[in-house]
Amino acid sequence: MKKHNYKAQITWTGNEGSGTSKYNEYNRNHEIKILEKHNIIKGSSDPSFLGDKTRFNPEDLFISSLSSCHMLWYLHLCSVNNIIVTEYIDNVTGIMEESKDGSGKFTNVTLHPKVTITDQTKINLANELHEEANKMCFIANSCNFKIDHNPTTISI
């Protein structure tokens, strides 16, 4: 089995002078830096947890990771099946349920990819490949819930 290692650096930037002395007196802002990459992702918590709504929160990044991993596998599978994709847009949605103790978990993520291909006769196969992409997706394979797909495929 081949192993891949990933590293990231998360730096909290929200100390406003008194650290975490009180729950509502510190900022949730942080920076996500991936070594050898030049961009920094500005993060925070979800606004319902006193975060900055203009920054990415872990839940945003989670559903985005699922969607982008799926898309990359899907494009690969289309390529090897001679399906030419000219456009791919996914409006992914996710539901996280919060428990009484404040913890929570995602219970559903649905991908809504809108795919444009060049050959109308391959629309059914193009739609079927979403299930195969889900089986191959590293992120989906790491989840403890089913990832749903609601694809729309058109041809030009």
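The values are calculated or read from the model by the stated rules, or taken from the named source; none is laboratory data. Being a predicted model, the structure only gives us computed values, none of them experimental. All Cβ positions, glycine included, derive from the backbone under ideal geometry; neighbour counts span all protein chains shown.
Only one of these is in the same structural domain as ASN141 (by TED's automatic domain parsing), over 20 Å from the mean Cα position of the chain (by Cα) and at negative phi: ILE83, ILE63. Name it.
ILE83 is the lone residue from the list that is in the same structural domain as ASN141 (by TED's automatic domain parsing), over 20 Å from the mean Cα position of the chain (by Cα) and at negative phi.
Checking the structure you have, find out if any residue of the stretch 15-34 is under 16 Å from the mean Cα position of the chain (by Cα), hydrophobic (A, V, I, L, M, F, W, C) and either within 30 Å of LYS122 (Cα to Cα) or assigned by TED's automatic domain parsing to the domain that holds PRO151 (or both).
The answer is no, given that none of the residues of the stretch 15-34 is under 16 Å from the mean Cα position of the chain (by Cα), hydrophobic (A, V, I, L, M, F, W, C) and either within 30 Å of LYS122 (Cα to Cα) or assigned by TED's automatic domain parsing to the domain that holds PRO151 (or both).
Restricted to the stretch 124-156, and to residues that are among the hydroxyl-bearing types (Ser, Thr, Tyr) and not in a helix (DSSP H, G or I), which residue is farthest from ILE63 (Cα to Cα)?
SER155
Against the conditions (1) within 16 Å of GLU87 (Cβ to Cβ); (2) within 17 Å of the chain's Cα centre (by Cα), where does PHE138 fall short? Just the number, please.
Going through (1) within 16 Å of GLU87 (Cβ to Cβ); (2) within 17 Å of the chain's Cα centre (by Cα) one by one, PHE138 breaks only (1).
Do the conditions hold for LEU75, that is, is it more than 15 Å from the chain's Cα centre (by Cα), modelled with pLDDT of 95 or more and not acidic (Asp, Glu)?
Against the criterion (more than 15 Å from the chain's Cα centre (by Cα), modelled with pLDDT of 95 or more and not acidic (Asp, Glu)), LEU75 qualifies.
Output the residue which, of all residues in the stretch 118-148 that are without any contact (Cβ under 8 Å) to a residue 60 or more places away in the chain and touching a helix residue (DSSP H, G or I) at 6+ places or on another chain (Cβ under 7 Å), is nearest to TYR88 (Cα to Cα).
Ranking the qualifying residues of the stretch 118-148, first place goes to ALA126.
Could you please find all residues in the stretch 25-69 being of a type in the set (Gly, Ala, Ser), in contact (Cβ under 8 Å) with a residue 12 or more places away in the chain and not in a strand (DSSP E or B)? Give the derivation first.
Filtering the stretch 25-69 down to residues of a type in the set (Gly, Ala, Ser) leaves 43-45, 48, 51, 64-65, 67-68.
Retained after the next criterion (residues that are in contact (Cβ under 8 Å) with a residue 12 or more places away in the chain): 43-45, 51, 64-65, 67.
Within the stretch 25-69, SER44, SER45, GLY51, SER64, SER65, SER67 qualify.
Please go through the stretch 108-147 and pick out each residue that is of a type in the set (Ser, Thr, Tyr) and closer than 18 Å to HIS70 by Cβ.
Going through the stretch 108-147, the residues of a type in the set (Ser, Thr, Tyr) turn out to be 110, 116, 118, 121, 142.
Answer for the stretch 108-147, where residues must be of a type in the set (Ser, Thr, Tyr) and closer than 18 Å to HIS70 by Cβ: THR110, THR116, SER142.
Would you point out the residue of the stretch 38-54, among those that are surrounded by fewer than 14 Cβ atoms within 10 Å (Cβ to Cβ) and within 19 Å of the chain's Cα centre (by Cα), that is farthest from ILE95 (Cα to Cα)?
Ranking the qualifying residues of the stretch 38-54, first place goes to ASN39.
Kindly indicate which of ASN5, ASN15, ASN108, ASN82 is part of a loop (DSSP other than H, G, I, E, B) and within 30 Å of ILE154 (Cα to Cα). Don't jump to the end; show me each part of the working.
Numbers: ASN5 fails: within 30 Å of ILE154 (Cα to Cα); ASN15 fails: within 30 Å of ILE154 (Cα to Cα); ASN108 fails: part of a loop (DSSP other than H, G, I, E, B).
One residue alone meets the criteria, ASN82.
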